[in-house]
């Protein structure tokens, strides 16, 4: 299955596919409301505001695999909106690892990080930049969303 064919469901329960964002530079992030890294939401939203009208989007995927996400999609939506002013697309909770891993993460986790390591998502706020040509670039949770290597990749991949 290609990345674009992978079905997704928004936080509001609407069906879509990864392909709905095919023409954009995508920053895919597994998020969690109760994680110590949750302040990264603020930086993710800044990136969305800076590049969103130029062919870029953040795609947020809540996950409770590290036991730090709220219980319902409604609670997640309210938290993201009220606490961080999130405007980028958010999706229903997914499993990023294991037997019931979401198909999107089954594909994304094949990509290695800067040290050459692929495989399991290590923690909340792991980042994958997917360019319009389909290449996947992986950044571990400790890499902040506006790190130079991420911003440079976004800017280099935006449509002319």
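Observations on the model:
- Candidates are the residues of the stretch 38-58 that are within 14 Å of the chain's Cα centre (by Cα) and more than 21 Å from residue 152 (Cβ to Cβ); the one that is surrounded by the fewest Cβ atoms within 10 Å (Cβ to Cβ) is 38.
- If you go through the stretch 89-139 and pick out every residue that is buried (at least 21 other Cβ atoms within 10 Å of the Cβ), touching a helix residue (DSSP H, G or I) at 6+ places or on another chain (Cβ under 6 Å) and part of a loop (DSSP other than H, G, I, E, B), you end up with 2.
- Members of the stretch 48-60 that are part of a helix (DSSP H, G or I) and closer than 22 Å to residue 19 by Cβ: 48, 51, 52, 53, 54
- All positions within the stretch 140-160 that are part of a loop (DSSP other than H, G, I, E, B), modelled with pLDDT of 95 or more and within 20 Å of residue 18 (Cα to Cα): 158
- Of the criteria (1) touching a helix residue (DSSP H, G or I) at 6+ places or on another chain (Cβ under 6 Å); (2) under 22 Å from residue 131 (Cα atoms), which one residue 53 fails: (1)
The values are calculated or read from the model by the stated rules, or taken from the named source; none is laboratory data. Keep in mind the model is a prediction, meaning the values are calculated, not measured. A quick note on method: Cβ atoms are made from the backbone with ideal geometry, for glycine too, and the neighbour counts reach across all protein chains shown.
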